[in-house]
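To start, the structure itself, in structure tokens.
The values are calculated or read from the model by the stated rules, or taken from the named source; none is laboratory data. Predicted model, so just to flag it, every value in this text is computed and none were measured. Virtual Cβ from ideal backbone geometry, glycine too; neighbours counted across all protein chains shown. The area values use the complete protein model at the heavy-atom level, side chains included, leaving out ligands, DNA and RNA. Shrake-Rupley method; radii C 1.70, N 1.55, O 1.52, S 1.80 Å.
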Amino acid sequence: MRVVEPKPVRYGFLLLPNYSMIAVSSAIEVLRMANQLGRQELYQWPAYTMDGTSVMASNGLEILPGNKMADAGHLDVLFVCSGLRVQEQWAGEISRQLHKFKSRHTVLGGLCTGTFILAKAGLLDGYRCTIHWENLASLREMSPEIIASEELFEIDRDRYTAAGGTAPLDMMLQIVKKEHGNQLAVSISEQFMCDRMRGSYDKQRIPLKLLVGTNQPKLTEAVALMEANLEELIVLDDLASLVGISRRQLERLFKKYLDCVPRRYYLDLRLKKARQLLLQTDKSIAEVAIACGFVSAPHFSKSYRDRYNVSPRDERQLRRDKLS
């Protein structure tokens with residue numbers, strides 16, 4: 001009996017002028033390596049431009065497109081790929097093409113600022129999505145129906161978005177993992193010498209001054225003191241005193257500009273450091289707990305599980321299994 005091989009999944013890439021080359025290549029290379037290591041054609045990745053002629057990436061290089069967008073055939077997923085000066089790339093014809101693929105039930109995605117194009121076309125209302133941190137504020141202003149997060153990537157039903165840089169690599173690894181299993185995704189990660197596969201709980205590293213502006217020196221100073229005192233913790237009253245405001249004023253600043261209470265922000269800083277120590281050092285869990293200001297290993301483990309949905313011990317074991 002003849003075995004019929006499944007058809008490869010087709011990921012289309014719509015390249016707009018000044019697109020981010022690193023974002024596009026990070027996504028495509030995962031698909032290429034999946035085919036290589038899977039020893040079959042699991043994926044295809046045709047590239048398109050609006051008029052079928054090549055466009056220049058932000059680094060001055062070009063990828064030769066296979067065709068113009070209007071002539072694209074069946075696609076399972078279509079990524080809009082943009083980068084610098086994304087507002088200049090918007091055009092009604094792009095929206096019409098994207099809505100055409102939506103009507104075909106094609107999954108739509110955005111790499112780097114490609115998310116902006118999807119949002120402008122009204123294709124992200126009611127969805128969780130992400131974009132490069134430099135464009136978060138403008139994306140949130142675009143529509144109250146858009147749920148813009150600070151994650152590296154978001155996979156929400158039939159919308160895939162990644163923040164840019166190497167974040168598309170992490171997103172595509174998660175997609176491969178879901179479609180073809182953990183072992184293939186891990187093997188791809190190893191080929192690219194990734195320290196680890198970043199997940200949906202990993203946020204972009206957004207500069208604090210971008211979040212709060214330069215006119216909030218008290219808040220910036222408070223956060224700097226927190227970052228400098230992750231092992232020996234500063235109580236909130238003392239922290240407020242050191243920056244020269246009342247505890248109530250400090251709480252208001254955190255709530256207004258960081259959308260959380262100071263205690264929660266401090267805890268997140270400590271847990272991020274703990275995760276780095278767990279994955280990058282041989283310190284015991286008890287030593288990691290002490291280094292990050294936790295009174296006991298059980299308290300640390302509970303806090304860690306609440307934040308990352310995995311215990312410190314299991315997190316470390318998963319890392320060891322990947323490297324073995």
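Per-structure values
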| item | result |
| --- | --- |
| Filter on LYS68/LYS177; LYS178/LYS283; LYS255/LYS302; LYS177/LYS283; LYS273/LYS302; LYS102/LYS203 - keep pairs with C-alpha separation over 21 Å | LYS68/LYS177; LYS178/LYS283; LYS255/LYS302; LYS177/LYS283; LYS102/LYS203 |
| Prolate/oblate/rounded call for the stretch 58-172, Cα gyration tensor, a/c under 1.5 rounded | rounded |
| Shape category assigned to the stretch 215-316 from the gyration tensor of Cα positions, a/c cut at 1.5 | prolate |
| Inverse mean reciprocal Cα-Cα distance (Kirkwood Rh) of the chain, Å | 21.7 |
| Selected from CYS260, THR161, MET56, residue furthest toward positive end of dipole (the chain; charges at beta carbon) | CYS260 |
| Accessible-area value, THR53, 1.4 Å probe, nucleic acids and ligands omitted, Å² | 80 |
| Prolate/oblate/rounded label for the stretch 214-253 (Cα gyration tensor, a/c 1.5) | oblate |
| Solvent-accessible area per residue, Å², over the stretch 47-185 with all protein chains present [probe radius 1.4 Å] | 43 |
